[in-house]
Amino acid sequence: MLKLKRILLIAPCEMIRTPAFDRAHALACATGALLHIVAFDYVQVLAVAGLFDHDAMAQAREGYLQVHRHWLEQQARFHQCIGMQVTTEVVWSRSTPAHIVEYVNDFHADLVIKDATHVPVLDRAFHRPLDWLLLRDCPATLHLVSDAKNSKPISILAAVDLSHLEELSHGLNDRILDLASTVAASCGADLHVLNVSNWSVVGDTERSVPTLSLDNSLSDAINDAQQEAFDALAERYCIDKKRRHLLKGIPHKVIVKFARQQAFDLVVLGTAYHHGIDRFIGGTVESVLNKAPCSLMIVKPSRPHG
């Protein structure tokens, strides 16, 4: 089973306690992982004033950062469990995606946690939000927390994709279930697994329709093959039959609807590598990102060689 050793919480620059704090502390306490909390702080007024009186502004900046450090240390001690390792850091830097991604990559975390940020569709058309950039560039699993009504997740849904050979997805389904099983076992949560079969629809749009081009024998063969693969995967992780869900439809729509209907508080799913200028992270994850009714944990496949 996977072991989480290093968890990184990206705190907001404002000194406010958000749902991600509670989830990060709960997971670190449950798994025994080291928790490091970082906040990126930068005050434009102090930076500009420093151009005219460097020494005075250096003192003012340090005093401001000290207040933030003290506040962050207080949050680190909040509900801290016995033996828990927590470190904190306030970085004087603009919270640009480039700076944050660089910090995340240098820390070598097993899990990166931050509050999910909802970005309107129009804004996403003109720039890439930080959550999207972390999904694309951060090699670690990313946990986007939308709420923390349960500090520890109590009902987890692992969404796998059996539409591709495991060799092509670099063992992503096993990585998803390995992580989901670890979190569920550590937190005492119920674990369900879902596969959405989308061979019976054409496209991935609002107007997608069932295709009638497959004859019955081929349809049955596809269904049987996916059922066999699904059961074999679930068996490896000792998931009860009543917690296995094999549904049909457009993946992101089914995942969002099922998670909402069943009131899961965490969905674990994976990205896929694609070639191109932006190395697009995958339609299903991006579509779920701003519509999910609960927190998400997004797993990356193993890096392909060559």
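Taking segment 216-232 as the search range and keeping residues that are farther than 17 Å from Asn173 by Cβ and at pLDDT 70 or above, which one is surrounded by the fewest Cβ atoms within 10 Å (Cβ to Cβ)? It would help to see each step written out before you state the result.
Step one: filter segment 216-232 for residues farther than 17 Å from Asn173 by Cβ, giving 216-224.
Then keep just the ones that are at pLDDT 70 or above; that gives 217, 220-224.
On the way: Ser217: 8, Asp220: 11, Ala221: 12, Ile222: 15, Asn223: 15, Asp224: 10.
In this case the residue turns out to be Ser217.
Quick check on my filter: what residues within segment 224-247 are assigned to a helix (DSSP H, G or I), under 12 Å from Leu162 (Cβ atoms) and in contact (Cβ under 8 Å) with a residue 40 or more places away in the chain?
Across segment 224-247, the qualifying residues are Gln226, Ala229, Phe230, Leu233, Ala234.
Applying the selection to segment 257-293, what residues are closer than 23 Å to Leu111 by Cα, touching a Pro at 6+ places or on another chain (Cβ under 7 Å) and at pLDDT 85 or above?
Across segment 257-293, the qualifying residues are Ala259, Asp265, Leu266, Gly270.
Could you give every pair whose Cβ atoms fall below 9 Å, whose first residue belongs to segment 42-71 and is among the β-branched types (Val, Ile, Thr) and in a helix (DSSP H, G or I), and whose second residue is surrounded by 12 or more Cβ atoms within 10 Å (Cβ to Cβ) and at pLDDT 85 or above, counting only separations of at least 6 or pairs across chains?
What qualifies is Val67/Met15.
The values are calculated or read from the model by the stated rules, or taken from the named source; none is laboratory data. Here the structure is a predicted model, which is why all the values come from computation and not from measurement. Methodologically, a virtual Cβ is constructed for each residue, glycine included, from the backbone with ideal geometry; neighbour enumeration extends over all protein chains shown.
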